[in-house]
Structure formats: C-alpha cells, structure tokens
Ligand code: GRF
C-alpha cells in the first residue's frame, strides 16, 4: 500500500477530501502523516479526529534548509511515497524537492500558468477573466510551475466575490486532487518534455 504525506497550513479541506476518498477506497493508499507548519491549522484537528498521525512542525523563524530537513526527517520516518501539498503556505527548498523527485504534488486555485502565487482567486477577479479554475501539478523548483497533471475550468460570474469564486473553485479542487493522486499512484501517465500525457 502506497503511503501519502499531506502537508497543510490551515483549513485542511483538500486534505479532508483526499482522506474521504482514501476511506471510501477510491484512492488505494494510506495517509501516513499529516504535517502542518502552523499549530493553529484547523486541518490538524480534522486529522486527529479521524485518528490519523498528525504532526505539527512549527516553521516560524526557522531557516528554510533547517526546516526542510525536519520535514524530510518526518516524511522518511513515516515512509512516505507521495507528498501532497494541500494549502501548505511555505516555499520548499530545491534540496527538499530533490529528495522526492516526481513525487510531490500541489493544488493551485487557478488555471496555471495564469495567476501563480498568493490570492489566485483575487488575481483572477481583478484581471477580469471570465474563466478560471484549478490545477494539480508536480512540484519543481519554480513556484507553481511544474508539469500539469489535471486542470478544470470554473466560470467567473459577474456577481462573484473572492469568497463565492473561491467556493466554486474549491468544489473542483476537492474532486481533481484525488483524481490526480489516483493517476500518479497508478503510474497512468508519461512525461513528454513538460507535458503529462495520461494513459
Ligand atoms: C486551496 O485553495 C488550495 O488550492 C490552495 O490553498 C487552499 C487550501 O485550502 N493551495 P484547504 O486548506 O485545503 O481548505
């Protein structure tokens, strides 16, 4: 059974959607550890309430390389095969990324490469796009830039606020993150240049 390590910083709704799919047998894996860099992350309580192994590793004030070594120590101790960033609000060092080549996923609330970085839903509204969405991609050393596994489009309504748009995108995030995990765990893809071609 493959082992997932899920990294969070906050609410943890993507983690919860993944955990629900693991419980339902839709993802053939187990959640080996949920790691948060913030002790106040609501997702930590959700993980503990489900009886999962949840660890808090506070990152505040720590040098990136030192912190990333702590993360890797936990992920290795928990024998994690696939690292899933789910609202993890901290940049990872190149060193960290090289410890898990092709084995780190992230979800981002826009159609990358549009609107990388923080507040993607606000960026989409401010730009005036009519369609945005969400992206699950492999993590490489550039921000929100690795090969794209799955994307879904979400319409922007004239009446949208950041909150209403974020909620519409989030429903799709919860669906495609689990689907992308299934694709990656099943090895049902190949990489051509920076294109992921699904089998
Ligand atoms: C999501 O919008 C995700 O795309 C972004 O951070 C948010 C995390 O939400 N990376 P949650 O903690 O999974 O509820």
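Specify whether the C-alpha gyration tensor of segment 107-199 places it in the rounded, prolate or oblate class, a ≥ b ≥ c being the square roots of the eigenvalues: rounded for a/c under 1.5, otherwise prolate if a/b is larger than b/c and oblate if not.
Taking the square roots of the gyration eigenvalues as a ≥ b ≥ c, segment 107-199 is prolate.
Along the Cα→Cβ direction, 7 angstrom out, place labels at residue 195 and residue 98. What is the inter-label distance in nm?
In this crude label model, residue 195 to residue 98 measures out at 3.0 nm.
Would you list 178, 39 from fewest to most Cβ contacts within 10 Å?
39, 178
Arranged from highest to lowest average of other beta-carbon atoms within 10 Å per residue, in what order do the peptides 127-136, 159-168 appear?
Packing proxy ranking, top to bottom: 127-136, 159-168.
Calculate, for residue 42 and residue 153, the FRET efficiency according to 1/(1 + (r/R0)^6) with r their C-beta to C-beta distance and R0 30 Å; round to the nearest 0.05.
0.60
At 0.36 nm per residue, minus the direct Cα-Cα distance, what do residue 23 and residue 161 gain on full extension? Give it in nm, one decimal, please.
Computed gain between residue 23 and residue 161 is 46.3 nm.
Of 16, 28, 76, which is the most mobile in a GNM of the chain whose springs link Cα atoms less than 10 angstrom apart?
It is 76.
Using a ≥ b ≥ c from the Cα gyration tensor of the chain (square roots of the eigenvalues), is it rounded, prolate or oblate, where a/c under 1.5 gives rounded and otherwise the larger of a/b and b/c decides, a/b for prolate?
The shape class here is rounded.
Suppose the chain between residue 171 and residue 79 were pulled fully straight at 0.36 nm per residue; how much longer would it get relative to their current alpha carbon spacing?
Taking residue 171 through residue 79 to full extension adds about 30.1 nm, to one decimal.
Does segment 28-79 come out rounded, prolate or oblate, given a ≥ b ≥ c as the square roots of the eigenvalues of its C-alpha gyration tensor, rounded meaning a/c under 1.5 and, failing that, prolate meaning a/b above b/c?
Numbers: a/c = 3.38, a/b = 1.34, b/c = 2.53.
Because a/c hits 1.5 or more and a/b fails to exceed b/c, segment 28-79 counts as oblate.
To the nearest Å, what is the center-to-center distance of segment 80-146 and segment 4-64, using C-alpha atoms only?
17
Could you pull out which residues in segment 69-91 have an amide N less than 12 Å from a spot 7 Å beyond the Cα of residue 57, following the Cα-Cβ vector?
69-80, by backbone N distance to the label point.
If you restrict to DSSP beta bridges whose two residues both lie in the chain, what percentage is antiparallel, to the nearest 5?
Working: 15 of 32 bridges.
Of those bridges, close to 45 percent are antiparallel.
Assuming R0 = 30 Å, what is the FRET efficiency of residue 65 and residue 119, from their Cβ-Cβ distance, to the nearest 0.05? Mind showing how you got there, number by number?
Values: r = 27 Å, r/R0 = 0.90.
My answer for the efficiency is 0.65.
List the relative contact order of the chain as a percent without decimals, with contacts defined as Cα pairs under 8 Å and 6+ residues apart.
Contact order relative to length: 19 percent.
Read the figures in this text as sums done on the coordinates, not as results from a lab. What you see is a predicted model; the values in this text were computed from it and never measured. Note that each Cβ is placed from the backbone with ideal geometry, even for glycine, and that neighbours are counted across all protein chains shown.
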